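S.K.: This is the structure, below, for whatever I ask next.
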Amino acid sequence: MSMKIPLVPENLKPLPRLKENEGMLSWVASVDHKQIGIMYLISTLVFFIIGGLEALVIRIQLAQPEFDFISPEVYNQMFTMHGTTMIFFVVMPFLIGLGVYLVPLMIGARDMAFPRLNALSFWLVIFGGILLYYSFLTQSGPSEVGWFAYAPLSEKPFSLNKGPTYWALGLLATGISSVASGLNNIVTILTMRAKGMTMRRLPLFVWMILVTSFLLVFVIPIIASAFAMMLLDRLLEATFFTPAHGGSAILWQHFFWGFGHPEVYILVLPAFGIISEVIPVFSRKPIFGYSFVAGSTVAIGLLSLGVWAHHMFAVGLGNVANLYFSLASMLIAIPTGVKVLNWVATMWGGKIWFATPMLFATAFIIEFVIAGLTGVAVASVPIDWVVTDSYFVVAHFHYALFGGSLFAIFAGIYYWFPKMTGRMMSETLGKWHFWLTVIGFNMTFFIQHFLGVMGMPRRTYTYHDFPYWGSMNLISTIGAIILALSVIVFAWNIRRSLKHGEKAPDNPWNAWTLEWYTTSPPAVHNFDLVPPVRGRRPLWDLAHPDQLDEPNSKVV
Amino acid sequence: MEKLGGIFNPSSPEMEAMADLTYYVIAISIGILAIIVVAVAYIIIRYRKGSKDSSEPYQNFGDLRLEIVWTLIPVAIIAVLFQLTCSTMKTIDPPIGNEEPDIVVIGHQWWWEFYYPKSGVLTANEMHIPVGKKLLLRIESIDVIHDFWVPELGPKIDAIPGHTNHLWMGASEPGVYLGACAEFCGTQHANMRIRVIAETEEEFNEWQKQELVVPRTPRSGIAGKGAELFQTKACMNCHTIKGTPAAARIGPDLTHLNKRQTIGAGVLTNSPENLTKWLYNPQKYKQGSLMPNMKLSDSEVEAIVAYLEGLK
Amino acid sequence: MANNKMLVGFFVASESIFFVMLILAYVNFHGTVTDGPTAVNSLDPLRTGIFSLFLLASSFTVWLAGRSLSTKNHFMLKIWLFVTIILGALFIYGQATEWFGLFAQNITISRNVFGTTFFTLTGFHGFHVCVGLLMLSILLVLAMFGDFKGPKSDGVECVSIYWHFVDGVWIVVYSVIYLWAFF
Ligand code: HEA
Ligand code: HEA
Ligand code: CUA
Ligand SMILES: [Cu+2]
C-alpha cells in the first residue's frame, strides 16, 4: 500500500480488562463510551441467542402439520417474545451501542456529550430486558399477544395475565433509554466534531446515526404515550382501547404503527451506515455519490413518518386513505434505490477484497433488495389484501431485518472487532459463518413467500396438512437449524479470536475514517492528537498529501 | 401433482384480478432484482483482487447524471405500479351504497358466526353461498380483532369490535373453499377456520330452506334424554337450538349441527365419534377454547350426541 | 456550554410529541361520549382559567429570574424563583381541587372515555408541572447557597426552557379541553 499512517504512540493502558484494573466495577461504573458500547454489544449478543432459541422453538413446532411440541399458549408467548426481543433488545440496542462506540471516535471526540446519560441509557435497556423477561417467572407467563399487542386482545378481559403489563413496562424503559441516546447522539454529533469535520465531511455511518437519532427523539414518544395509555387501561381501568367501553381498537393501531413504521427504519438506517463504511474501504474507492447517500437518508427519515397505515390496509380505513398510504410507501423505494445503486457503483471499478465484512456487505445488498421489492409489492393495497398477516409478510420482514439489519451487523462486527479488541477475527471461521448464514437464511425464509401466498396465516401454532405445506415448513425449519449452526460458529469465532486471535494493527483494513487513526483498542482518552480533517477521508489525506480528497466541484 | 392453493388457484373474479396484479408486480420485481444480481455478479468476477495487489483503483466520487437517471427510472416504475394498484382496486372494491349485506360475518374467539339477514338463517363456521354471484359481506366482531380470509376467493378484511367493514365476495366454481382467521386473536387463532361452500343457486336455496326449519325436539328415548340434559347441563347458557329455550349466542348455533362438516371451527370432522370426543373434553382438541370441559358422564355424552345427531 | 441547552431543547421537542399524542387521543374521542360526564357538563372553564393565569404568570416570573441573574442581582433571582414556585404550586392546587371535585361526583379515569382522556392529559401535564416545581426548588436552594454567580447559568436557563414548555403545553391543553367545549 502506498499509504503510510503516522504512528500514534504505543497505547499504554488499553481497554480496561475484567481481570486487570478494578475488575467488574470498572465496567459497571463506567461512563466511557467505548466500555458502554461494548457492554451494549455483548448484551445484545446474549439477547440474540435468547431470541434465536425462541425462534428455534417456533420452527420446531411448525416442522410438521398438527405437531405437538408445545402448547398453543407457549407458542404464542414464543413469537411474542421472539419478535419483541429481536427488535427492541437485539437490533435496536446493537445499532445504538455501535453508534455509542464509534461516533466519538469517528468525529474525533473524547467521549459522548453526556457520558453519564449514556451510561443511564445502557442500564435502562438492561433494566427493560429484565422487566420483560421477568414475566416468565410470573404465574401465567409472558405476554402472548404478539409484538404489536393489538387492542383489545392485549387488554382486560382478554389478557388477564400480567405478561402485557411487564411487556409494556419493559419497553417503556427501553423507550426512555432510546430517547436519551438519541438526544445524546444529536448533541454529540452537532457540537463535538473535530476541527475541519464539517457536516459534508461527516462519515456516512455518523450521518445515518444522526438521522436515526432524530427519528428516535421524535417517534419514541409516540409509542411511549401509547404504552402509558395501555398501562392505564390495564392498571386503572381506563378505556382508551376497549371498544366495549367506548374506546377504540383502531386508535392503538394508529399509535403503534405511527411509531412502528419509523421504527423499522431506525432498525435499518444505521445498518445502511455500516454498509456505507465497509463497501468503500474494501473496494478501495470513495463512496459513490456521497451527498446522495447522505441526503437519501434524510428523505427516508422524513417519508417514513407518513406511511404507517400500510400496516393497516385490512382495517378498512377507506380507499382514499389506503391509496395515499400505498403511494407514500412506494415512494420510499426511490431514496432507498438511490442508496443501493450508489453502493453498487462504489464497487464498480474497484479492487475488491472479499474479506468477511465485505462478504456480508455484498450479500446484504441482494437480500435487502429482495426485502425492499416484497415491501413495495405489499405496499400495493390489493396485494396486501392477499398477503397481509400471512407468511409472505413474515418473509418480507425477515429479509429486511435479518438479510438487512443483521447482515450489516455481522459485517460491522467483523469490520470493527479488531479496533475494539486489538485482535483480528478468524477469516476461516468467518467464511464458514458467512456461507452457513446465507444458505440457512435463504432456506428458512425464501420459501415462506410461497407459504404466504398459498394461504398460511402467520402466528398459527399449527396448520392442516394441505398439499406441500408440511414439506415447505420442514425446509424452513431445516434452514433455521443451519442458521443455528452458523450462530454457533460465529459465537465460537468471537470467543476464539478474543483469546487467540492474531494481534490487530491500528488500521488492519487500510480504512480512512478517524477511528482507525488511534490504537487498537483505543486508549481511554481515544486520541492523543486528532489529525487535521481536510476531507471525507482524513487518513487518505494523511497518506496522500498531494492528492487531497475533495477535488472541489466534481464531488457529488 | 396436487393442486396448489391460495393465489395459485384464484376462484373468483376479484381474486383473479388480485392474482394478476401480484404476478405482474412479481415479474417487475424479478426484473429489478435480476439487474442488481447481474451487476453484483459481474463486479464480483471482474473487480475482485487478491490481498496482494496494493495499487489504488481510479477514485471516482460520483456522477450527477447517473444519480438523476437512477432516481427517475424508479419514479417511472412506481408510477406504473401505483396505476395498476388503483385500477385493480376499482375492480375488486366497488363502492357500497346503502345496500343491505347478503351475509353478516361475526368473529368470535375462536369461531365464526354467519347470519343471512335476507332469509334469517344463522349458522357457524361454514358459510354457504350461491355460485357466480357477487355477494356483499358485512364483517363484525364481538370481542377482539379477527380477520376474514378465504385465500381463493378474494381479499381479507379485519373484523373489528366497534367498527364494521364490508367485503365483496363470490365464487366462480362450486366447491369447498377453506379459509382462516388471519389476525392474531388469542390462544386458538390457529383453529379459527372458515369453510365456504359454494353451490348452485338451487342447492343454496334448498340449504337455506333446511336451515330455517325448526327441528322437532325429541321427547323420548335416548335423544329425548339428551334434549333434556342439554337444557339442564348449562349447554343452553351458551348455545342456541331453535325450538327450545336455548337461545344464547356465546357458542355456535347448534340447531342444524348435523348438517355441518366440522366441529370446533375445523378441528374435527363432524361425526358421531368426534362429537363424542368433543363433548368429553373440548379442551383436548382445542386447548383454550371458550367451551369448558363440561365433565359429562358416559351416558350423558351418549344421550347428548344422540340428540345433537338428530338435529338435521 | 451550549450543549446542555441543546439537550433540553431537543428533549422538550420530544416531550411535545408525547403530549401531541395525548391530545390526539383526547380529540379523537371528543364528541363520542353519548352519556355520562363530558367536558361541557362537568368542567368549570372559568375557575380553571383563573388558575391557568397563575401558570402563565409564572412563565413571566421565571423569565424575570433569569434576567435578574444576568444582571447579577442575586436577591431578585431568589425572589423571582420563589414567586414562580408559589404560582406553579397554586396552579397545582387548582388542578387538585378540580380533580377531587370530579372524584366526588364519581367521575374517574375509568368512568368513560371523557374521564380517561381528561385525567390522562391533565394528569401528565400536572406531573410535568410537579417535576418543574421540584427543579425550581432545587434551583432556589442552590441560589440560597450562592451557587449562581451569573451572568449566565445553564441550570437556570435549562429549567426555564422546560418551564416555558410546560406552560405552552398547558395553553394548548386548556384550549382543547375547555375552550373547545364551551365556545
Ligand atoms: C428493517 C426493516 C424494514 C424495512 C427496511 C422495510 C422496508 C419496507 N417495507 Fe416493511 N416491514 C417490516 C420491516 C421493514 N420493512 C416489518 C418488521 C414489517 C411487519 C411488521 C409486522 O407486521 O409484524 C413490515 C411490513 C410491511 C408492510 C405491511 C405488510 C402487512 O402487514 O400487511 C408493508 C406494506 O406496505 C411494508 C412495506 C415496506 C416498504 C415499501 C419498504 C421500503 O422501504 C423498501 C424500499 C427498498 C427497495 C424497494 C429496494 C431497493 C430499491 C431499488 C433497487 C430501486 C428500484 C425499485 C423499485 C422502483 C421498486 N412493510
Ligand atoms: C431482527 C429481527 C428478527 C430476527 C433476527 C429474527 C430471526 C429469526 N426468526 Fe423471526 N420474527 C421477528 C424478528 C426477527 N426474527 C419478528 C418481529 C417477528 C414477528 C413476531 C410477531 O408476530 O409478533 C418474527 C416472527 C417469526 C416467525 C413467525 C412466527 C409466527 O408468525 O407464527 C418465524 C417463523 O418461522 C420466525 C423465525 C425466525 C428464525 C428461524 C430466525 C433465525 O434467524 C434465528 C437465528 C438464531 C438462532 C437459531 C439462535 C441460535 C442459538 C443457538 C443455537 C444457541 C447457541 C448457544 C451458544 C452459542 C452459547 N420469526
Ligand atoms: Cu380470530 Cu385470529
Ligand atoms: Cu411499515
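S.K.: Hey, can you rank A:419-427, B:106-114, B:22-30 by average C-beta count inside 10 Å, highest first?
M.R.: Highest mean packing first, the order is B:106-114, A:419-427, B:22-30.
S.K.: Taking amide H positions as placed in the peptide plane 1.01 Å from N, state which residues far from B:D147 in sequence (5 or more) or on other chains have amide H under 5 Å from it.
M.R.: B:A159, B:A182, B:E183
S.K.: Hey, could you get me the Stokes-Einstein D for the protein assembly as shown, Kirkwood radius over alpha-carbon pairs, 20 °C and 1.002 mPa s, rounded to whole µm² s⁻¹?
M.R.: Stokes-Einstein gives a translational diffusion coefficient of 68 µm²/s.
S.K.: So what J values fall out for segment C:19-28 if you push phi through Karplus, 6.51 cos²θ - 1.76 cosθ + 1.60 with θ = phi - 60°, rounded to Hz, Gly and Pro as x?
M.R.: So the J values, rounded to whole Hz, are 5, 4, 5, 5, 5, 4, 4, 4, 4, 4.
S.K.: Now for a separate question. Report the FRET efficiency, 1/(1 + (r/R0)^6), for A:L235 and C:L56, where r is their Cβ-Cβ distance and R0 is 25 Å, rounded to 0.05.
M.R.: Working from the Cβ atoms, E equals 0.15.
S.K.: So if we plug the beta-carbon distance of B:L135 and A:H500 into 1/(1 + (r/R0)^6) with R0 = 45 Å, what FRET efficiency do we get, rounded to 0.05?
M.R.: 0.05
S.K.: Ranked highest first by the average count of other Cβ atoms within 10 Å around their residues, in what order do A:90-103, A:310-323 fall?
M.R.: Put in order of decreasing packing, that is A:90-103, A:310-323.
S.K.: Can you give the average number of partner chain beta-carbon atoms within 10 Å of each beta-carbon in peptide C:87-100, as a whole number?
M.R.: The shielding value for this peptide is 0.
S.K.: Using θ = phi - 60° and the Karplus relation 6.51 cos²θ - 1.76 cosθ + 1.60, list the HN-Hα couplings for segment B:248-255 in order, rounded to whole Hz, with x at every Gly or Pro.
M.R.: Computed from phi, the couplings for segment B:248-255 are 7, 10, 7, x, x, 5, 9, 3 Hz.
S.K.: Starting from the Cα coordinates of segment B:2-92, work out the convex hull volume and express it per residue in Å³.
M.R.: Each residue corresponds to 129 Å³ of Cα convex hull volume.
S.K.: Label B:N281 and C:L64 with points 7 Å out from Cα along Cα→Cβ: what is the distance between them in nm?
M.R.: Modelled inter-label distance: 7.8 nm.
S.K.: Moving to a separate point now. Which value, in debye to the nearest 20, describes the size of the charge dipole of segment C:36-156 about its Cα centre when Lys and Arg Cβ atoms bear +1, Asp and Glu Cβ atoms bear -1, and nothing else is charged?
M.R.: That gives a dipole near 320 debye.
S.K.: Can you tell me the dipole magnitude for the protein assembly as shown around its Cα centre, using point charges on the Cβ only (Lys, Arg +1; Asp, Glu -1), in Debye to the nearest 20?
M.R.: Dipole magnitude for the protein assembly as shown comes out near 2920 debye.
S.K.: A follow-up question, please. For segment B:221-309, what's the radius of gyration and Dmax over Cα atoms, in angstrom?
M.R.: For segment B:221-309, the Cα radius of gyration and maximum Cα-Cα distance read 11.8, 34 Å.
S.K.: While we're on this one: Which whole-number percent gives the relative contact order of chain A, counting Cα pairs below 8 Å spaced six or more residues apart?
M.R.: Here the relative contact order equals 18 percent.
S.K.: Residues of the protein assembly as shown: accessible area per residue at 1.4 Å, in Å²?
M.R.: Per-residue accessible area for the protein assembly as shown comes out at 38 Å².
S.K.: Here's another thing I want to ask about it. Given a 1.4 Å probe and no ligands, DNA or RNA in the count, how much accessible surface is buried by B and A, both sides, to the nearest 100 Å²?
M.R.: Between B and A, the summed buried area is about 7800 Å².
S.K.: Put a dot 7 Å past each Cα toward the Cβ at B:I44 and B:A79; how far apart are the dots in nm?
M.R.: 3.5
S.K.: Turning to a different aspect of this structure: As a check on your grasp of the helix formula, calculate [θ] at 222 nm for the protein assembly as shown: sum -39500 (n - 2.57) over DSSP H runs of n ≥ 4, divide by the residue count, round to the nearest 500.
M.R.: It comes out at -19000 deg cm²/dmol, rounded to the nearest 500.
S.K.: Can you give me the long-range amide H partners of B:K242? Hydrogens built in the peptide plane at 1.01 Å from N, cutoff under 5 Å, separation of 5 or more residues or another chain.
M.R.: B:T255
S.K.: I've got another one for you. Put +1 on the Cβ of each Lys and Arg and -1 on the Cβ of each Asp and Glu in the protein assembly as shown; which of A:L485, B:I139, C:A104 then has its Cα farthest toward the positive end of the dipole?
M.R.: Farthest along the dipole direction, towards plus: A:L485.
S.K.: Within a 10 angstrom radius of each residue's Cβ in A:386-397, how many Cβ atoms of other chains show up on average? Whole number is fine.
M.R.: 4
S.K.: If packing is taken as the mean number of other Cβ atoms within 10 Å per residue, what is the order of B:165-172, C:85-92, B:62-69, highest first?
M.R.: Answer by packing, highest mean first, reads B:165-172, C:85-92, B:62-69.
S.K.: Using Cα-Cα distances under 8 Å and only pairs 6 or more residues apart, what relative contact order does chain C have, in percent?
M.R.: Relative contact order, chain C: 36 percent.
S.K.: Still on this structure: Mean Kyte-Doolittle of at least -1.0 and a Cα length of 18 Å or more along the axis: which whole DSSP H helices of chain B meet both?
M.R.: Length and hydropathy pass: B:13-47, B:64-92.
S.K.: Hey, another quick one. Taking the Cα centre as origin and putting +1 on Lys and Arg beta-carbons and -1 on Asp and Glu beta-carbons, what dipole magnitude results for segment B:2-92, to the nearest 20 debye?
M.R.: Using only the charged Cβ atoms, the result is roughly 340 debye.
S.K.: Mind checking the mean number of beta-carbon atoms from other chains within 10 Å of the Cβ atoms in A:66-74?
M.R.: Counting Cβ atoms of other protein chains within 10 Å of each residue's Cβ and averaging gives 2.
S.K.: Could you tell me which of B:Y58, B:T88, B:V75 has its Cα farthest along the dipole of segment B:2-92 towards the positive end, charges placed at Cβ (Lys, Arg +1; Asp, Glu -1), taken about the Cα centre?
M.R.: B:Y58
S.K.: FRET efficiency for A:K195 and A:I481, Cβ-Cβ distance as r, R0 = 51 Å, nearest 0.05?
M.R.: 0.45
S.K.: So for the protein assembly as shown, taking the charge dipole from beta-carbon charges (+1 Lys/Arg, -1 Asp/Glu), which of A:G258, A:G128, A:T462 sits furthest toward the positive end?
M.R.: A:G128
S.K.: Test of understanding: what is the full-extension gain from C:N3 to C:R47, defined as 0.36 nm times their sequence separation minus their Cα-Cα distance?
M.R.: Between C:N3 and C:R47, full extension yields an extra 11.8 nm.
S.K.: Suppose we compare each residue of segment A:334-352 in its chain alone and in the full protein complex with a 1.4 Å probe; which ones drop by at least 50 Å² of accessible area?
M.R.: A:I334, A:L341, A:W348, A:K351, A:I352
S.K.: Shifting gears a bit: With labels modelled as points extended 7 Å from the Cα through the Cβ direction, what inter-label distance (nm, one decimal) is found for B:N237 paired with A:D546?
M.R.: 9.5
S.K.: What does the extension gain come out to for C:L179 and C:I86, with contour length at 0.36 nm per residue minus their alpha carbon separation?
M.R.: Computed gain between C:L179 and C:I86 is 30.9 nm.
S.K.: Accessible area, 1.4 Å probe, largest first: how do A:E73, B:E203 sort?
M.R.: B:E203, A:E73
S.K.: Would you grab the residues whose amide H sits under 5 Å from the one on B:W112? Only those 5+ places off in sequence or on another chain, please, with H modelled 1.01 Å from N.
M.R.: B:N125
S.K.: Ignoring ligands, DNA and RNA, please state the percent of accessible area on the protein assembly as shown from carbon and sulfur, probe 1.4 Å.
M.R.: C and S fraction of accessible area: 67 percent.
S.K.: Might you work out the accessible area of B:T164 for me, using a 1.4 Å probe with all protein chains in place, and round it to the nearest 10 Å²?
M.R.: Surface accessible to solvent at B:T164 totals approximately 70 Å².
S.K.: Using 16 Å as the cut-off for backbone N distance, which residues of segment C:1-27 belong to the label zone defined by a point 7 Å from the Cα of C:D154 along Cα→Cβ?
M.R.: Backbone N within reach: C:1-12.
S.K.: Then there's this: Which of the helices in chain A meet the span-like rule: DSSP H, Cα axial reach of 30 Å or more, Kyte-Doolittle mean at least -1.0?
M.R.: Passing helices, by number: A:33-61, A:163-191, A:204-236, A:356-379, A:427-453, A:469-500.
S.K.: While we're looking at this one, here's another question. Can you give the % of DSSP beta bridges in the protein assembly as shown that are antiparallel, to the nearest 5?
M.R.: So the antiparallel bridges amount to about 75 percent of the total.
The values are calculated or read from the model by the stated rules, or taken from the named source; none is laboratory data. These numbers were taken from a predicted model, which means no experiment stands behind them. Cβ coordinates were reconstructed from backbone atoms using ideal geometry, including for glycine residues, and neighbour counts include every protein chain displayed. Keep in mind that these areas ignore ligands, DNA and RNA; they rest on the heavy atoms of the full protein, side chains included. Shrake-Rupley method; radii C 1.70, N 1.55, O 1.52, S 1.80 Å.
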